[in-house]
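In what follows, a structure is listed as structure tokens, so that the remarks can point back to it.
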Amino acid sequence: MEEVDPRPSVSVSQKVPAEIWLEIFELVPKSSDLHSVSVACRKFHQLSFRAMHRDLVWTNAKRVANNLAMWNEPDNAGMAALVRSLVLGVTRLPRTPGFSYRAVDVDGTIVHEDNLPHGDMTNRLLTSRIGLHEPGRSYMSAALSDAMWTRVTAFAVLSSLVLANLYVVEDHFKLIHSLPQLRSLHIDSCVFHADASRGYNHTVLPITELTMLNVRRGGGMDIEIPVHHIPHHVPPAGIPLAGNFNHVQQVIAAGQFNWHAAQLPILHPPDPISQVLSLAIAHKLKKITVDGSADVFRYIYEAPGSVQRGWLIPTTLEHIFVVRKRTCVGAPPKPTPNADNTFPDTFLHNACMRAPNLKTISTPIFVPTSVAVAPEAVPFGLERFAGPLETAHLIATGRDVKALGMFKCAVSAREGISALTHIAMRRPGLKMLMMECRGWDGEILSAVAGSFRALRRLKIVYEGNGPEESDVVAMAPDHLAQLPELHTLELFKLPSSGGFTPSYPRSLFDSSFPSLEAELQDLLIPWKKHCPSLRKVQLMAGYVMTRAYEDAPWKLSRVARIDDVEDLEY
């Protein structure tokens, strides 16, 4: 008689350590697929649940209230230590005398903060007053805000933090400075309280990537203090002056400092918004992305007294990206008073000259048209540059760039094609080329294919009508076949609005196909023989075709927004 092993059987899922399963679940791209995994067994449910909460998106007050209770359950103990990224987009409005607003409380119910009447009306008044214009948005009550901050401070290993559409106060900067593993910080459409960043020395932050967009002043920042009322002898806390700052502070406190004999420059306290922008001095920073509202070049790197304050360009800085407001389509908007019409002016250029390890510059304007660019003054190691046609042309002649982007090419005047001819003589080994054209000219593709045989990525975007269907079919044998390393082709018409939100037509040329994907798959059949390395093709602003390997079928994906920053990757 066969003996029965008294030991309980162990399934394969139980034999594999939990850490291995977490790594496997990390490779699952869609949360819907993770949900399917979670119903397979009890262990998978627990582990996949943890995987789904490694990357948190908290942008709705009611969902935050519902989610907070989960973290206190015994089965979820220790889960906070696994959270690696957080998108924080839910906020509490500042307490303002005479104002009440509707808010979500800890239990998910709606309450009126400050117990004043007419919350709906004052919601609009208060959000307009501080600069948060979002109809229908939900805000947190004081109790929910406290509960959320208690939880967020437990996310000690965050490596990525996004602050979006917030009223930013000191608690947010306290969080930023409490994260030793933080590498990526993204700030978008936030209003900053005047004291939010006061007293913090951002040099010590470990971040390597910083994005600041749509930065706005909040309470207290619009108050101007006459210069003669500013106490010159009280430097802002956390910002070092030249020399022994601590000793100077002690002497000042004792009333023994001789200002007339001092060798130190006297600095006024910095503007509060500049204190926020000084995030750009983090000593490990490698990549920075900004728009006109976060002009760190003018207000930090090139500001008067920047050296004395310690507002220096990090020696580690390698990549500078400036966001574009609009494409070349249509007439540019008329300048408005107090707008960043001249951004980035010469301050960007001057800052780039003092960044010795700079590898990438991508900007719609490098210098004003009245300023001459000296390519030899640009850091020698520059590898990627995108800017106006004339500037890109000059940079390419003076530096051995591998990726080049040219904005506002007037193809109708043959300027773009002429520039390509000259650039090809100096940089035939380009790996990536981007051109933004004011019209389509079929000869431009011929010029590119004949001059830059080492291209891996080609991007040509244009205004107005593009190539005909027969031209697209013939592109592969006539031109693309000359580019054996090409893996990405982006060739599409820009949105007619001049913005970056595409439209989604049901067909490109032929509406008789059952779907747009079927039409584009048929269009790319003649390309198969000539473009074996091609993996990504974008012939429409709103859609892109991709395949995993040479003989794989092409798959259609929707593009939510075209790039307002050229990354110049290849």
Could you tell me which numbered condition Gln538 fails, if it satisfies all but one of (1) in a loop (DSSP other than H, G, I, E, B); (2) open to solvent by less than 50 Å² (accessible area, probe 1.4 Å); (3) under 30 Å from Ile320 (Cβ atoms); (4) not β-branched (Val, Ile, Thr)? (1)
All positions within the range 65-88 that are open to solvent by less than 30 Å² (accessible area, probe 1.4 Å) and closer than 14 Å to Trp149 by Cα: Ala65, Leu68, Trp71, Ala80, Leu86, Leu88
Taking the range 398-413, which residues are open to solvent by 10 Å² or more (accessible area, probe 1.4 Å) and either under 20 Å from Pro364 (Cα atoms) or free of Cβ contacts under 8 Å to residues at least 12 places away in the same chain (or both)? Gly398, Arg399, Lys402, Lys408, Ala410, Ala413
Of the numbered conditions (1) within 24 Å of the chain's Cα centre (by Cα); (2) open to solvent by less than 50 Å² (accessible area, probe 1.4 Å), Ala518 satisfies every one except a single condition; which is it? (1)
Residue ID - most open to solvent (accessible area, probe 1.4 Å), chosen from residues in the range 541-552 that are of a type outside the set (D, E, K, R) and at pLDDT 95 or above: Thr546
Please work out which residue is nearest to the chain's Cα centre (by Cα), limiting yourself to the range 306-327 and to residues that are farther than 30 Å from Glu436 by Cβ and outside any loop (DSSP other than H, G, I, E, B). Ser306
Of the residues in the range 503-525, those that are closer than 23 Å to Gly442 by Cβ and touching a strand residue (DSSP E or B) at 6+ places or on another chain (Cβ under 8 Å) come to Pro505, Leu508, Leu520, Leu523, Leu524
With closer than 23 Å to Thr363 by Cβ, open to solvent by less than 60 Å² (accessible area, probe 1.4 Å), more than 24 Å from the chain's Cα centre (by Cα) and of a type in the set (A, V, I, L, M) as the only criterion, which of Leu486, Leu445, Leu430 stands out? Leu430
Pick from the range 351-380, criterion open to solvent by less than 40 Å² (accessible area, probe 1.4 Å) and small (Gly, Ala, Ser), ranking: nearest to Lys286 (Cα to Cα): Ala355
Which one of these does Thr289 not meet: (1) part of a loop (DSSP other than H, G, I, E, B); (2) under 15 Å from the mean Cα position of the chain (by Cα); (3) not aliphatic (A, V, I, L, M)? (1)
Flag for Leu430 being farther than 18 Å from Met540 by Cβ, without any contact (Cβ under 8 Å) to a residue 40 or more places away in the chain and touching a Phe, Trp or Tyr at 6+ places or on another chain (Cβ under 7 Å): yes
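This table checks each residue for (1) more than 25 Å from Arg354 (Cβ to Cβ); (2) modelled with pLDDT under 90; (3) in a helix (DSSP H, G or I); (4) among the hydrophobic types (A, V, I, L, M, F, W, C).
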residue	(1), (2), (3), (4)
Phe380	no, no, no, yes
Phe385	no, no, no, yes
His393	no, no, yes, no
Gly405	no, no, no, no
Ser412	yes, yes, yes, no
Ile417	yes, yes, yes, yes
Thr421	yes, yes, yes, no
Met425	yes, no, yes, yes
Pro428	yes, no, no, no
Read through the list (1) assigned to a loop (DSSP other than H, G, I, E, B); (2) surrounded by fewer than 17 Cβ atoms within 10 Å (Cβ to Cβ), then give the number of the only condition that Phe500 fails. (2)
Filter the range 121-159 for residues that are open to solvent by 20 Å² or more (accessible area, probe 1.4 Å) and touching a Lys or Arg at 6+ places or on another chain (Cβ under 7 Å); the one that is modelled with the lowest pLDDT is Ser138
Among the residues of the range 553-570, how many are surrounded by 13 or more Cβ atoms within 10 Å (Cβ to Cβ), more than 24 Å from the chain's Cα centre (by Cα) and either assigned to a loop (DSSP other than H, G, I, E, B) or of a type in the set (S, T, N, Q) (or both)? 1
Six or more apart or on different chains, Cβ atoms under 8 Å: show the pairs whose first residue is in the range 274-286 and surrounded by 24 or more Cβ atoms within 10 Å (Cβ to Cβ) and whose second is acidic (Asp, Glu). Leu277/Asp295; Leu285/Glu209
Selection from the range 541-550 of residues that are farther than 23 Å from Arg453 by Cα and in a loop (DSSP other than H, G, I, E, B): Ala541, Gly542, Ala548
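The values are calculated or read from the model by the stated rules, or taken from the named source; none is laboratory data. These numbers were taken from a predicted model, which means no experiment stands behind them. Cβ sites come from the backbone with ideal geometry, for glycine too, and all protein chains shown count toward neighbours. To get the accessible areas, we keep the full protein, side chains included, count just its heavy atoms, and leave off ligands, DNA and RNA. Shrake-Rupley method; radii C 1.70, N 1.55, O 1.52, S 1.80 Å.
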